[in-house]
Number of protein chains: 2
Amino acid sequence: MKPVNLKKLAQELNLSIATVSRALNDRYDISQPTKDRVRALANKLNYEPNHHASSLRRNKSKTIGVVIPEVDNHFFSLAIKGIEEVARRNNYHVLIYLSHEDYQRELAVMRLLASGRVDGVLLSVASESQDFAHLDLLRERGIPVVLFDRVYAGKDMPKVTTDDYESGYRATQHLLEAGCRVIAHLTIAHTLSISQRRMQGYQAALQQFRVPYDEELVVCEAAGKPQSASLPQTLLTQRPDIDGIFAAVESLAMSSYEACHNLGLRIPKDVKIIGFSNLKTASLLAPPLTTITQPAYEIGKEAASVLFQAVVKNRLVSAAQSKELKSELIVRASTASTTLSSKEPVALALALGR
Amino acid sequence: MKPVNLKKLAQELNLSIATVSRALNDRYDISQPTKDRVRALANKLNYEPNHHASSLRRNKSKTIGVVIPEVDNHFFSLAIKGIEEVARRNNYHVLIYLSHEDYQRELAVMRLLASGRVDGVLLSVASESQDFAHLDLLRERGIPVVLFDRVYAGKDMPKVTTDDYESGYRATQHLLEAGCRVIAHLTIAHTLSISQRRMQGYQAALQQFRVPYDEELVVCEAAGKPQSASLPQTLLTQRPDIDGIFAAVESLAMSSYEACHNLGLRIPKDVKIIGFSNLKTASLLAPPLTTITQPAYEIGKEAASVLFQAVVKNRLVSAAQSKELKSELIVRASTASTTLSSKEPVALALALGR
DNA sequence: TTGAAAGCGCTACCAC
DNA sequence: GTGGTAGCGCTTTCAA
């Protein structure tokens, strides 16, 4: 019932606890025969070192914390996959916390993590987050933090992001080139720098094409609110002149599809839609969705790698370690140019499997 | 830089370490004024108890481990959400491990967890798992384990599953009622009881409808192998008489769609498809996919609840604690009966947004 | 090459 | 009510 510990091993082997410990840690000052004997017994008794004891002693937990707004979202689950991958390679464990887009929760979690429970933290901030005192708290304790995707713009800390400005620009440009002139932009929390950058790209593209910026066309989802699902529908009803939608997050692209269905608007003929998304099924939608796809898995891996540089070297890293990865524009039928309508029936038939 | 500890607080307050500890733990034998003084300073200095020290001392880690085959899958990410929810309510932390469908990894993780690092474990087994010695290991250590979704059939331990037999039956029945007579069943690892039960439901429904069971129509995906994506296509090519597909996992339903597109087969006219899936976009696919949807979030919550019963009461639980939740059959266009073809153009136009 | 012993930060037992 | 102290299991000086 009670797990075997060093004492038990030492007794059985007539060795001291210290020797057993060193043998198991493969220290150079222990003879090979002793090492072998110790290892053999440890294996036989299924010895596993007590993690809390060694963490306490070494002041290293071999654990990182990951704090994300939500997990039922392809972007974050892929990022976790990448993070777990790197952590495992470094023999690290991964604690997961969901902020549910709630700054209070994020704060509470970060406070907990400040107590030496983890050697480092990966954070993608909640959309409500405005204050970042909690980051300083970890910094004071010497616990490195790397932000990914949803980051605080100003802070001097390493961030792993994507080219959100360029992506916003390209998405909007793509719609404009496809003939759209009244382009709605659906986004989340203005406070997020990620949203701001996508939006700036949107504005820049409009300007480039000499399309006036219309504030009414930019709608921001209140974080985690249920009404957000109906947001596109409300907008499309109020502004029937909209002929393009640029959704800054996957969920808004999906509710735009639903809104079009409900309102009898044809995609892409009446409204063209492009959205940030990591949906594997984007190409199987009706019609297939044109996406800006972030390299979510790579972001996770990259963020974890940057963190481990800090963790291993045991020092705080700065904004200088930041990385920016490129998102990919994947053109599909939802933004097919109306001038290509002669080809449309074929494409549609294919999409339908007809 | 160094985190504040009890010693520091005790010094500043001219109290003993013991008193400070008890004050912070709100013990009855400490006077209110003292508690207030201690709390005030602790707050001011951002004191957070050292988790490893108290875990070591109390022999309680306030942490559970979650071991799943993969995370980039709606079922598991929703389950995690449910688990995290319950854990948080119990003031517990959640460690995440991905087995990547690899038994060796699963084993290695379970060994690690046997060392008192966690107070309990939630496990959804890798498809390759055949041996379960690692479960006994945790049992010996008194660490409760609850299996969810992908479970070991025989073991006397609590399991949280869905009505897989009934779901398999209903899915197949649904296809049969829609007119299918040559129904392929795409599944994963035969060794999983979950697969076996779905398959038994499939067989039972066939028998009920006096449709002979054809072994060739049952194809099993080799876990995590890249060829699995092309599996439906190979099958549909070899057996052009197939008029229905029952996919036991989401990914196989998706590759069936792709296969149909590639082969020019019309869904649902030529082939009807039903699949287990937690895809939020099922209704937006071309055509909308009929699904068996498992209550993933609830499974996570339920599994965690069962685990916490054991963790709190500090005893192992048995199979008697098992729960079975119901999956839901959501009928959509991918299995629309061919006799309804008069309505089809409308449905399709809607699906297309035309 | 091995052993003895201190101590990581905390809790719990026993005094007073 | 409060303080002293032992000890959770481990690592790591320092001695031998």
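The table for this structure:
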| read-out | value |
| --- | --- |
| Nm distances between copies for B:Asp214, ranked from closest, using label points 7 Å along Cα→Cβ | 5.6 |
| Amide H contacts of B:Gly120 (H built 1.01 Å from N, under 5 Å, at least 5 apart or other chain) | B:Gly65 |
| Using alpha-carbon coordinates, inclination of helix B:74-89 to the longest axis of chain B, degrees | 20 degrees |
| Cut-off under 5 Å, modelled amide H: who pairs with B:Phe148 long-range | B:Leu123, B:Ser124, B:Val125, B:Val160 |
| Cross-link table A:Lys155/A:Lys301; B:Lys155/B:Lys323; A:Lys44/A:Lys313; A:Lys60/B:Lys313; A:Lys313/B:Lys7, entries beyond 26 Å C-alpha to C-alpha | A:Lys44/A:Lys313; A:Lys60/B:Lys313; A:Lys313/B:Lys7 |
| Rounded if a/c under 1.5, otherwise prolate or oblate - region A:54-115, Cα gyration tensor axes | oblate |
| Top of B:Ser61, B:Ser167, B:Ser21 by mean-square fluctuation, Gaussian network on chain B, Cα under 10 Å | B:Ser21 |
| Shape of region B:184-334, Cα gyration tensor, a/c cut at 1.5 | prolate |
| Phi-based couplings in Hz for region B:55-61 (Karplus 6.51, -1.76, 1.60; Gly and Pro marked x) | 4, 4, 5, 7, 6, 8, 9 |
| Within chain B: Cβ-based charge dipole about Cα centre, in debye rounded to nearest 20 (Lys, Arg +1; Asp, Glu -1) | 1840 debye |
| Integer Hz, Karplus 6.51/-1.76/1.60 couplings in order for region B:109-115, x for Gly and Pro | 5, 5, 4, 4, 6, 6, 8 |
| Three-way shape call for region A:1-53 based on the alpha-carbon gyration tensor, with the a/c threshold at 1.5 | prolate |
| Closest Cβ on chain B to the rotation axis that carries it onto A (distance rounded to whole Å) | B:Ala286, 2 |
| Assigned charges on the beta-carbon of Lys, Arg, Asp, Glu; region B:6-49 dipole about Cα centre (debye) | 60 debye |
| GNM top mover of B:His190, B:His100, B:His51 - chain B, alpha-carbon springs below 10 Å | B:His51 |
| Residue list for region B:132-146, given a label point 7 angstrom along the Cα-to-Cβ vector of A:Lys2 and an amide N cut-off under 17 Å | B:140-143 |
| Listed residues A:Ile96, A:Ile194, A:Ile274, most fluctuating in chain A (Gaussian network, C-alpha, under 10 Å) | A:Ile96 |
| Selection from B:Leu24, A:Ile194, A:Ile292 lying farthest towards where the dipole of the protein assembly as shown points positive, charges on Cβ | B:Leu24 |
| Inter-label distance for A:Arg58 and A:Val331, nm, one decimal - labels placed 7 Å from Cα along Cα-to-Cβ | 5.3 nm |
| Chain A, relative contact order in percent, only Cα pairs under 8 angstrom and at least six apart counted | 17 percent |
| Chain A - convex hull of alpha carbons, volume per residue in Å³ | 180 Å³ |
| Exam field: A:Ala153 pseudo-label spacings to other copies (7 Å along Cα-Cβ), nanometres | 6.0 |
| Cβ-vector label at 7 Å, A:Asn43, separations to other copies in nm | 5.6 |
| Loop-resident sites, region A:76-162, for GluC sites (Glu not before Pro), counting at most 14 other Cβ within 10 Å (DSSP) | none |
| Value of [θ]222 nm, deg cm²/dmol, for chain A, DSSP H segments ≥ 4, -39500 (n - 2.57) each, nearest 500 | -13000 deg cm²/dmol |
| Residues whose placed amide H lies under 5 Å from that of B:Ile245, excluding near-sequence neighbours | B:Ala184, B:Lys272, B:Ile273, B:Ile274 |
| Cα→Cβ-extended label distance, 7 Å offset, between B:Ser230 and B:Glu85, nm | 4.2 nm |
| Residue among A:Gln321, A:Asn262, A:Ser251 farthest towards the positive dipole end of chain A, charges placed on Cβ | A:Gln321 |
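Read-outs: derived from the displayed coordinates by stated rules, not from any lab. Here the structure is a predicted model, which is why all the values come from computation and not from measurement. So basically every Cβ, Gly included, is an ideal-geometry build from the backbone, and we count neighbours across all protein chains shown.
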